[in-house]
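Here is the structure we will look at, set down as structure tokens.
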Amino acid sequence: MKLNSRLNLLAVILLGGAVTATFLIHRAEESERAVLVESAESALRLNTQHWLDLADDGMSKFVEDYSWWDEMVAFIAEPDPSWAEENFDGALELWEISGLWLVDPSAQLVYQLTSRTPGGIEFPLSREELWETCRATPFPHFYKPTPHGLLELRGAPIQPGDDDERSSPARGWMLVGRMWDEPFLGSLVPPGDEVRLRIIAATEAAAKEEDPDTLRSRIALPDEQGEIVAYLDIQQDQHHILQWQDSGIDETILMLGFAFGSVIVLLIWLGTWVVRPVRSIDRALRQGSAEPIGNLAASSGEFGEIARLIADSFDQAAQLRSETEQRRETEAALRESEETLRQTLRESARLGLNLHDSTIQTLYASGMNLVAVENRSPDLPAKDRDAIKEVRKNLQATIDELRWFIGQTETSIAANSVSESINAMLAFLRNTSQVQINTEIDEIPNDLLSPAKSIHLLQILREAVTNALRHAQADVITVTVQVRSHLLRLRVEDDGVGLPEHTPEAVSRGLLNIHQRAQIAAADLKIDSRPGGGTRIDLDFHTR
């Protein structure tokens, strides 16, 4: 994708992000407004309930005190109008009560007093309804619709004053009522509060008015059976929330304008300080030349530093190409040298086989003929017998020297495989001795070791096995070759007499050869031996 296309895409993404962020902020503001409205409505409902509780405190106190009184018990038993007039006539106005009703234990009305004239307030319950209500709830509190409006009723059982728990049977019931009219509703709201209260019948509650400028809440008002008969509708202007919403809209518009302006400024800045330098760098990289970034490399700043690094990289690339060509030529010469070495080693191995199959057999046959001559001539003078023995000794020495030379040539990689060369050498050594040689040899990849390390490996293995055959007096020799990641481990172990304190010269010379070859091949050597406990030689070759 072109850089311009990427920048255009970046602008679209930024604008889209700004619009999305603004939309999400607006949604969050709407959600916050809804939370504020809900919180305000809840606070409005709680405040109104608090006002109702305060207004109801006097009526509930009046009912509780007057119903829990020995004289009231006596009055229910023997009603005395003069006593009632003396104690109740001034109570309605004092306690802001619209009506008072006293009934006996059979729910028969004994006394009533109301503030409504003419006719007063008719008690809204039948005798049976009152009986059921008082039996179901000892302290009833409910609402009933009347021709004069909604009547709030609160009652209590009439009991003696010494009944602290109020657990004795009711001697009757006292009920007081308060009319929820306009004066009463107006008295609930503190002065200066912009709260409007009104009573809505339950049948009209479904048609709820929708006014976005008004907070609205309702308190249900149940009858004696718990059925909702009316609602106290609470309304309050929410101009403070509307002002907050208007300010939120202004902030949203301002944020959108700021986002668009920021994107435009960012694009201009990117075009001047990013796009032009990047284009110069792109042309230089395409052409493989520092010419397009000549002016940029002379400037300060990050892009100037990048341009100078690119120019230096062009110079280093040229040097690298030259060094790579020289290294390629050196590797070709090295491969040719290794192939020449392998050819030489194969010729040396072929020579050793020829000596083994021809020369040694001839010398051995000559020695056997001398033995036959000596056996056929029992009267041979002692001087001649000594001469024959000296010739046989010389022949045997010559055979040993040839076998040593063949052993040296057998260490070459005759079959182009280190594993096959090891097996061939061990097979040859088995034929020259009665000692049992056990092997456990992993397949060694041809490229695991260099030719030089391979030769050192074979020479060390030959020296270690030959020393064990000649000097260890062993019955079994075990040769193990294990290939691990970046490591080849050789182990030669015998069950012989071990290395004595005073090592014979021949053994010392062999061990010295092993140490020297291990040092040249950069291999880790460890020799472990105990008198009478055999000898173990471990050698770790680090692969190239």
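The values are calculated or read from the model by the stated rules, or taken from the named source; none is laboratory data. As the structure is a computational prediction, the values presented were derived from the model and not from experiment. Note that each Cβ is placed from the backbone with ideal geometry, even for glycine, and that neighbours are counted across all protein chains shown.
The set of residues from region 56-90 being touching a residue at least 60 places away in the same chain (Cβ under 8 Å), crowded, with 17+ Cβ neighbours inside 10 Å, assigned to a helix (DSSP H, G or I) and hydrophobic (A, V, I, L, M, F, W, C) comprises Met59, Phe62, Val63, Met72, Val73, Ile76.
Taking the criterion of being part of a helix (DSSP H, G or I), farther than 25 Å from Thr432 by Cβ and of a type in the set (A, V, I, L, M, F, W, C), the residues of region 364-387 that qualify are Val373, Ala382, Ala387.
A search for C-beta distances below 9 Å between a residue of region 369-387 that is in contact (Cβ under 8 Å) with a residue 12 or more places away in the chain and any residue that is surrounded by 12 or more Cβ atoms within 10 Å (Cβ to Cβ) and hydrophobic (A, V, I, L, M, F, W, C), counting only pairs 6+ apart in sequence or on different chains, returns Leu370/Ile388; Leu370/Val391; Leu370/Leu395; Val371/Ile388; Val373/Leu380; Val373/Ile388; Glu374/Leu380; Glu374/Ile388.
Looking at region 230-302, the helices (runs of 4 or more DSSP H) lying wholly inside it that each contain 2 or more residues that are of a type outside the set (Ser, Thr, Tyr), buried (at least 17 other Cβ atoms within 10 Å of the Cβ) and modelled with pLDDT of 75 or more sit at 276-287, 294-297.
Condition check for Leu113 on (1) closer than 20 Å to Asp56 by Cα; (2) assigned to a strand (DSSP E or B); (3) modelled with pLDDT of 90 or more: one failure, at (3).
Tally the residues that are surrounded by fewer than 17 Cβ atoms within 10 Å (Cβ to Cβ) and under 50 Å from the mean Cα position of the chain (by Cα), restricting the search to region 511-539. Total satisfying the criteria: 4.
Checking region 464-479 against the condition returns a match, with at least one residue being of a type outside the set (A, V, I, L, M, F, W, C) and either surrounded by 21 or more Cβ atoms within 10 Å (Cβ to Cβ) or not assigned by TED's automatic domain parsing to the domain that holds Ser433 (or both).
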